[in-house]
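> Please read through the structure below; I'll follow up with questions.
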Amino acid sequence: MLPQSDISGQITRLIREDWGRLLAVLVSFGGDFALAEDSLQDAMVSALEHWPKRGVPRDPDAWLITTARRKAVDRLRRARTAEDKADELTLWHWQHAPQEGDGRTLPDHRLELIFTCCHPALEEKSRVALTLRALGGLTTQEIASAFLDKPEAMAARLTRAKKKMQAAGIRFRLPDPEDLPERIEGVLQVIYLIFNEGYRSSSGALSRGDLAGEAIRLGRILMSCLPEHPEIKGLLALMLLGESRRLARSDGAGGYVPLETQNRARWDRGMIREGLDLVETALRQGWAHPYTLQAAISALHAQAQDFASTDWAQIVALYSVLIHRQPNPVLWVNHAVAQSYATSPDQALRELEASGAAQHLAGYQPYHSCRADLLARIGQGDAALAAYDQAIALAQAPEERSFLISRRNRLATRAPSG
């Protein structure tokens with residue numbers, strides 16, 4: 001029998017990797033998102049209680065589905081006893097849900113769950129947050145970080161969204177074919193945020209390959225459903241090109257490696273080739289959407305033989321188009337980095353400060369890291385040290401924090417300047 005720590009670790013893995021698939025199966029039984037989520041949480045608690053004593057079942061997913069279904073029936077029966085008004089049809093669905101004998105054969109309803117969570121009856125931010133919780137298994141803290149929000153505000157938002165789903169009678173199903181195109185934008189945003197949380201985790205890890213892989217998988221499913229939609233291709237290309245470099249962001253000792261010093265031989269050339277093909281196809285289909293533009297930027301990095309030969313002028317131009325179409329303070333940070341290599345760090349800093357990004361990004365670590373680097377490169381040592389201090393205080397991943405501390409310490413050994 002596995003030790004308690006190993007069993008707890010396996011349950012944690014299930015929550016991280018299989019939460020969305022399990023929740024989608026449960027929602028498909030009765031269509032009640034809140035009941036399905038509460039029952040799955042109950043099942044996870046039962047697993048923590050019983051698996052250390054009895055061992056991990058042969059099919060953990062199937063065990064959790066069966067246990068969660070029973071927990072849901074118990075909840076419905078208690079509600080009927082207490083208030084004498086249980087939804088008999090919902091109770092019937094949960095009582096007669098199919099018995100799953102093999103966790104490997106559980107049906108995959110995640111795409112239906114994405115579209116359910118992205119229903120137009122919910123406001124856009126709530127759609128994204130709810131789907132991140134449901135499909136990615138992200139904690140409230142992680143979702144709040146993705147939005148640069150406070151955790152308590154995000155918790156309240158999630159609660160309101162679930163209540164509105166129930167009150168509005170939002171059904172668990174794919175939209176009709178004619179309704180798919182207008183619903184796709186919210187779905188794309190959800191998948192992109194899941195990928196971002198995987199590529200740059202807010203949980204303290206440098207990255208989370210499970211979430212990045214899940215986002216790419218969902219992108220592939222979406223593209224198979226809407227093969228002619230260019231922005232799906234653009235998003236999938238963006239994720240593949242980003243994922244191709246993820247492993248090169250850390251060295252053999254676990255240290256953080258910035259783009260300029262990454263070993264490009266470690267980049268996944270198969271993902272790069274696929275990403276480049278998708279970018280070219282999306283661009284040929286017409287007007288370039290934001291995800292396609294970002295993918296084109298990633299493609300320029302992927303095609304450069306080394307950091308010095310990167311086409312920074314074209315990257316600056318693409319970021320300028322992005323900022324014009326979708327003003328976003330985070331884009332100004334990326335624009336400043338590219339501008340510093342295309343022209344000069346002094347010009348990049350002036351444009352960054354003139355953009356007004358500072359008032360929106362006080363808690364955004366890359367903004368302070370960018371400022372620290374630009375200030376150091378133009379000789380403003382004292383100001384750069386202060387910016388590094390802010391970046392270090394905000395760094396979540398130990399690898400990034402160590403990297404920033406190292407850069408700060410090297411700068412501090414030089415003579416301070418104004």
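The values are calculated or read from the model by the stated rules, or taken from the named source; none is laboratory data. A quick note: this is a predicted structure, and the numbers were derived from the prediction, not measured. Cβ sites come from the backbone with ideal geometry, for glycine too, and all protein chains shown count toward neighbours. These area figures cover heavy atoms from the full protein model, side chains too; ligands, DNA and RNA do not enter into them. Shrake-Rupley method; radii C 1.70, N 1.55, O 1.52, S 1.80 Å.
> Given the criteria within 22 Å of Arg246 (Cα to Cα) and either polar (S, T, N, Q) or open to solvent by 60 Å² or more (accessible area, probe 1.4 Å) (or both), does Ser344 qualify?
Criteria not met by Ser344.
> Sticking with this one: Given the condition within 30 Å of Arg401 (Cα to Cα), in contact with a His (Cβ under 7 Å, 6 or more places away or on another chain), open to solvent by less than 20 Å² (accessible area, probe 1.4 Å) and part of a loop (DSSP other than H, G, I, E, B), answer yes or no: does some residue in region 295-316 qualify?
For region 295-316, residues within 30 Å of Arg401 (Cα to Cα), in contact with a His (Cβ under 7 Å, 6 or more places away or on another chain), open to solvent by less than 20 Å² (accessible area, probe 1.4 Å) and part of a loop (DSSP other than H, G, I, E, B): present.
> How many of the residues in region 251-285 are farther than 28 Å from Pro398 by Cα and among the acidic types (Asp, Glu)?
Of the residues in region 251-285, 3 are farther than 28 Å from Pro398 by Cα and among the acidic types (Asp, Glu).
> Next question, about the same structure. Checking the conditions here, which among Ala384, Ala348 is over 26 Å from the mean Cα position of the chain (by Cα), within 28 Å of Lys150 (Cα to Cα), in a helix (DSSP H, G or I) and among the small types (Gly, Ala, Ser)? Working first, answer last.
Details: Ala348 fails: within 28 Å of Lys150 (Cα to Cα).
Answer to the check: Ala384.
> Let me ask something else about it. Among the candidates Leu64, Leu132, Leu35, which residue alone is over 20 Å from Asp210 (Cβ atoms), at pLDDT 80 or above and in contact with a helix residue (DSSP H, G or I) (Cβ under 9 Å, 6 or more places away or on another chain)?
The conditions single out Leu35.
> Also, I was wondering about something else. If you check Ala253 against the conditions, is it over 29 Å from Leu361 (Cα atoms) and surrounded by fewer than 16 Cβ atoms within 10 Å (Cβ to Cβ)? Spell out how you get there, then give the answer.
On the way: over 29 Å from Leu361 (Cα atoms): yes; surrounded by fewer than 16 Cβ atoms within 10 Å (Cβ to Cβ): yes.
So Ala253 fits the description; yes.
> Quick one: how many residues across region 391-412 are free of Cβ contacts under 8 Å to residues at least 24 places away in the same chain and open to solvent by 60 Å² or more (accessible area, probe 1.4 Å)?
Going through region 391-412 one residue at a time, the tally reaches 5.
> Against the definition (at pLDDT 95 or above and assigned to a helix (DSSP H, G or I)), how does Leu283 come out, yes or no?
Criteria not met by Leu283.
> Just one of Glu280, Glu274, Glu260 is touching a Leu at 6+ places or on another chain (Cβ under 9 Å) and surrounded by fewer than 18 Cβ atoms within 10 Å (Cβ to Cβ); which is it?
Glu274 is the lone residue from the list that is touching a Leu at 6+ places or on another chain (Cβ under 9 Å) and surrounded by fewer than 18 Cβ atoms within 10 Å (Cβ to Cβ).
> Of all residues in region 223-245, count the ones that are under 17 Å from Arg273 (Cβ atoms) and at pLDDT 90 or above.
Residues in region 223-245 being under 17 Å from Arg273 (Cβ atoms) and at pLDDT 90 or above: 12 in total.
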